[in-house]
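To keep things clear, I will list the structure first and then write my remarks on it.
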Amino acid sequence: MKLPNIQIIDEKDKRLRLISKDVDFPLTKEDQQMIDDMIIYLKMSQIDEEREKYDLRAGMGLSAVQLGVLKRIFVIVEELDDGSFKDYIVINPSIKSFSEEQIFVGEGEGCLSINRETNGIVPRYARMTVEAFDRNGMPYVIRVREDISIAFQHEIDHLNGILFIDRIDPKNPFKNSHKMREI
Ligand code: NI
């Protein structure tokens, strides 16, 4: 595999704080290319050999804004039990419903734009129903749960200029953890 030539901006870059705009269809060639690049990058970051070869950090999701493109597009790459990968391409998403139950990642969330140690829990909905568009402009509805639900919420936050660290209370980073389920 060839490492895509993408530049991921980090938290010091103020563009990460801006609200991304809805995308018009058809997508431009550049946007299609960006989606392919993000998927390949994430896949490679999850394959041990490639990650070591290119000195990558493992990541599950990327939003266009992390490449400096302020459009409401994100991708998620999930490694399945059989070692294959499932891609989610999510454009102009909206959350239709979410569970009352909240969960958090026990070891803490991570982000390819945050290159430092962080501590604390980020409350997330355990399940959500999301409406979005695919890369051809076709609407779809998806039900997500557990780590994929968290990944969707993390990326939707990016589209709204929010980073996961914003959701951690600096005075009490493990606040309310007993009220939520750890995954
Ligand atoms: Ni992130």
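Can you spot a residue in the stretch 169-183 that is open to solvent by less than 20 Å² (accessible area, probe 1.4 Å) and of a type outside the set (Ser, Thr, Tyr)? Checking the stretch 169-183: not a single residue is open to solvent by less than 20 Å² (accessible area, probe 1.4 Å) and of a type outside the set (Ser, Thr, Tyr). Look at the stretch 60-79: where a residue is open to solvent by 10 Å² or more (accessible area, probe 1.4 Å) and in a loop (DSSP other than H, G, I, E, B) and a partner is more than 12 Å from the ligand (Cβ to nearest atom) and hydroxyl-bearing (Ser, Thr, Tyr), sitting 6+ places away or on another chain with Cβ atoms under 6 Å, you get Leu70/Ser20; Arg72/Ser20. Out of Leu18, Leu56, one residue alone is open to solvent by 20 Å² or more (accessible area, probe 1.4 Å), under 26 Å from Tyr125 (Cα atoms) and either at pLDDT 95 or above or within 16 Å of the ligand (Cβ to nearest atom) (or both). It is Leu18.
Check Phe133, Phe152, Phe164 and return the single one that is aromatic (Phe, Trp, Tyr), over 13 Å from the mean Cα position of the chain (by Cα) and surrounded by 18 or more Cβ atoms within 10 Å (Cβ to Cβ).
When all the criteria are applied, what remains is Phe133.
Got at least one residue in the stretch 126-138 being more than 15 Å from the ligand (Cβ to nearest atom), among the aromatic types (Phe, Trp, Tyr) and in a loop (DSSP other than H, G, I, E, B)? Please lay out each step first, then the result.
Residues of the stretch 126-138 that are more than 15 Å from the ligand (Cβ to nearest atom), as a first pass: 126-138.
Then keep just the ones that are among the aromatic types (Phe, Trp, Tyr); that gives 133.
Among the residues that remain, those that are also in a loop (DSSP other than H, G, I, E, B) are: none.
Looking through the stretch 126-138, none of the residues is more than 15 Å from the ligand (Cβ to nearest atom), among the aromatic types (Phe, Trp, Tyr) and in a loop (DSSP other than H, G, I, E, B).
Restricting Tyr41, Tyr88 to those that are assigned to a strand (DSSP E or B) and either touching a His at 6+ places or on another chain (Cβ under 8 Å) or hydroxyl-bearing (Ser, Thr, Tyr) (or both) reduces the list to Tyr88.
Which one of Gly108, Gly83 is within 15 Å of the ligand (Cβ to nearest atom), small (Gly, Ala, Ser) and either free of Cβ contacts under 8 Å to residues at least 40 places away in the same chain or out of contact with any Gly (no Cβ under 9 Å at 6 or more places or on another chain) (or both)? That would be Gly108, the only listed residue that is within 15 Å of the ligand (Cβ to nearest atom), small (Gly, Ala, Ser) and either free of Cβ contacts under 8 Å to residues at least 40 places away in the same chain or out of contact with any Gly (no Cβ under 9 Å at 6 or more places or on another chain) (or both).
Report, by residue number, each residue of the stretch 80-119 that is open to solvent by less than 60 Å² (accessible area, probe 1.4 Å) and at pLDDT below 95. Result: Gly83, Gly106, Gly108, Thr118.
The values are calculated or read from the model by the stated rules, or taken from the named source; none is laboratory data. What you are looking at is a predicted structure, and each value in this text was computed from that prediction instead of being measured. Cβ sites come from the backbone with ideal geometry, for glycine too, and all protein chains shown count toward neighbours. Just the protein is used for accessible areas: all its heavy atoms, side chains included, with ligands, DNA and RNA removed. Shrake-Rupley method; radii C 1.70, N 1.55, O 1.52, S 1.80 Å.
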